[in-house]
Amino acid sequence: MKFMKLGSRPDTFYTTEAVRSVSSEVSSDLIVQVKGTRYLLHKFPLVSKSLRLQRLCLESPESLQKQMVQLPDLPGGDEAFELCAKFCYGITITLSAYNVVSIRCAAEYLQMTEAVEKGNLVAKVELFFTSCILHGWRDSIITLKNTKAFPVLSEDLGITSRCIEAIASQVMARPTKASSSREYSKKGPDNGLCNESESQRHKSNTKGWWTEDVAELGIDLYWRTIIAIKSGGNVPSTLIGDALRIYASQWLQNISRYSYIERKSESKHKLLLESIVSLLPEEKGAVSCSFLLKLLKAANMLKASSSSKIELARKVGRQLEEAKVSDLLVPSLSYTNGLKYDVDIVSTILEQFMIQGQNPPTSPPRTEGLDLEQKWPNSSEIIEFQLQESRKSTSASHSSKLKVAKLVDGYLQEIARDENLSLSKFIAIAEAIPVLARFEHDDLYKAIDIYLEGHPELNKSERRRLIRILDCKKLSIETCLHAAQNEMLPLRVVVQVLFISMLRSRPKRDLCLNGVNY
């Protein structure tokens, strides 16, 4: 932590009967009212440095023995004013990241500029801010946080933007390796104005060293800071994703556990969540699928915008194979359909998964490291490369579909118990995955069995419609035995299952003689 001392006189301010005064052989001739505090001071040292106080004294009645001025809207209140007043008296004051914003804003309000007197407070604070604060990591963070108290004036004075630029530049300089504030200060001008406090904070050289510190910021300042960091282009997307995960866990902690959220808190958290969604990196794998689905659950809870939900669904669809069944159980807050879980958002996720799996990206051949004669591959090499890349992409896509098919069947088993889940929604989820993505149908059969148990009101036509999604030839012997005794299945399916079981139980030689293929 850096600090700067101004003035050399000892502190002579004291309090008597709720009035702040300064010890002096000369009687006070000026009363300054700052909100709830009254100051008995001297006109000359104050008006010689403050243009506003000069004008206020000229406007106040001269017949009074002591002139009185009021500063009801002074930034920082009585604490900031007292520091400014002490500066006028030459009393020692200490500038630090904790008070630099309030003093700078108060000095601006009081018009303590070079036009009034050389070496005035505005210039002194600016010198400390630019030479010390902006070269320290923690100092920049603390100062930026404190601009929240004076947002408009901090913006006008450039305090906010300069802190954000300083933070972003320090992150971009070494995004994955920390430097202590001492190291950063050495890069700044060594003019003897900045001193290091004994409680110097050191950061360990770890990946994402900056993520927890910036998570202290409110969402508006955090959003601007992350945008500035991303604009540099040299911070890995995984680090941006990690920073967003840490921020969300700190500010949206346990949000999905609450059944009721106050309207004011809901609006605040909704803005926060939508801002996080807007900051998510576009690169696949920058954040985990589990984290994206947690955000989606929170979005439902907070009634976030449909655009935010769709964006999350799109990103989840890109890496759905990483998800677990529990991740997909997004609570439904719609009181019209009575569903326990939001099935529609999962349908949207599956649509996005299939859309993005249809056209896997391919990369052009790399030319780094080639000789000049070899730099441009001929047409046959390009075609061969594209075929190889296509095979890799197709293989990866099919592997993902196999995993997602397993995931979907597990999800169907969970939602099948909901008596309000319509047959059409159940079938739509089951059919969202291509037929070839399911090598076996045991898990799908189990989901159908659970649905039938939970919906005994289904008629024969609806049962037949449900069973059409099942391929009995892909059932194991154990599942076939269970299905053969399942009274809820249509008779046609039971007969088919019995026939398949019989064929499988016969010796393979007999099957070959009879020309049966399986």
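Taken together, the values in this text are just the output of simple stated rules run on the coordinates, not laboratory data. What you see is a predicted model, and the numbers here were worked out from it, not measured in a lab. Cβ: placed from backbone, ideal geometry, glycine included. Neighbour counts: every protein chain shown.
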Lysine pair number, Cα distance threshold 15 Å (strictly under), the stretch 1-143, separation 8 or more or different chains: 9
Given charges at beta-carbon only (K, R positive; D, E negative), |dipole| of the stretch 72-141 in Debye: 240 debye
Sparsely packed trypsin sites (Lys or Arg not before Pro) within the stretch 267-333, loop by DSSP, other Cβ within 10 Å at most 16: Lys284, Lys303, Lys324
Linear extension gain, Met68 paired with Leu458, 0.36 nm per residue minus alpha-carbon span: 131.8 nm
Sparse-neighbour loop sites [GluC sites (Glu not before Pro); the stretch 1-72; at most 11 other C-beta within 10 Å; DSSP]: Glu17, Glu25, Glu62
Computed magnitude of the charge dipole of the stretch 1-134 (debye, nearest 20; Cβ of K, R +1, Cβ of D, E -1): 260 debye
For Gln70, residues with placed amide H under 5 Å, excluding near neighbours: Gln33
Loop-resident sites, the stretch 420-510, for GluC sites (Glu not before Pro), counting at most 13 other Cβ within 10 Å (DSSP): Glu457, Glu487
Efficiency of FRET between Arg465 and Thr238 - r from beta-carbon atoms, R0 35 angstrom, step 0.05: 0.15
Most positive-pole-ward Cα, Leu53, Tyr14, Gln33, against dipole of the stretch 14-101 from beta carbon charges: Leu53
Nearest-0.05 FRET efficiency for Ser476 and Glu216, computed from C-beta distance (R0 60 Å): 0.65
Distance (nanometres) between label positions extended 7 Å along Cα→Cβ at Arg492 and Lys268: 6.0 nm
Built amide H within the under 5 Å cut-off of Lys49, gap 5+: none
Computed over the stretch 14-98, Kirkwood Rh from alpha-carbon pairs, angstrom: 13.4 Å
Table column - 3J(HN,Hα) (Hz), the stretch 47-54, Karplus curve with 6.51, -1.76, 1.60, x for Gly and Pro: 5, 6, 10, 10, 5, 5, 5, 4
Inter-centroid distance (Cα atoms) of the stretch 475-492 relative to the stretch 71-128, Å: 84 Å
Label-to-label distance, nm, for residues given as Ser422 and Glu282 (7 Å Cα→Cβ offset): 3.6 nm
Inter-label distance, nm, simple model (7 Å from Cα along the C-beta direction), Ser290/Lys35: 4.6 nm
Within the stretch 212-251, backbone nitrogen closer than 20 Å to the virtual label 7 Å beyond the Cα of Arg174 toward Cβ: 212-215, 229-230, 232-237, 239-240, 243
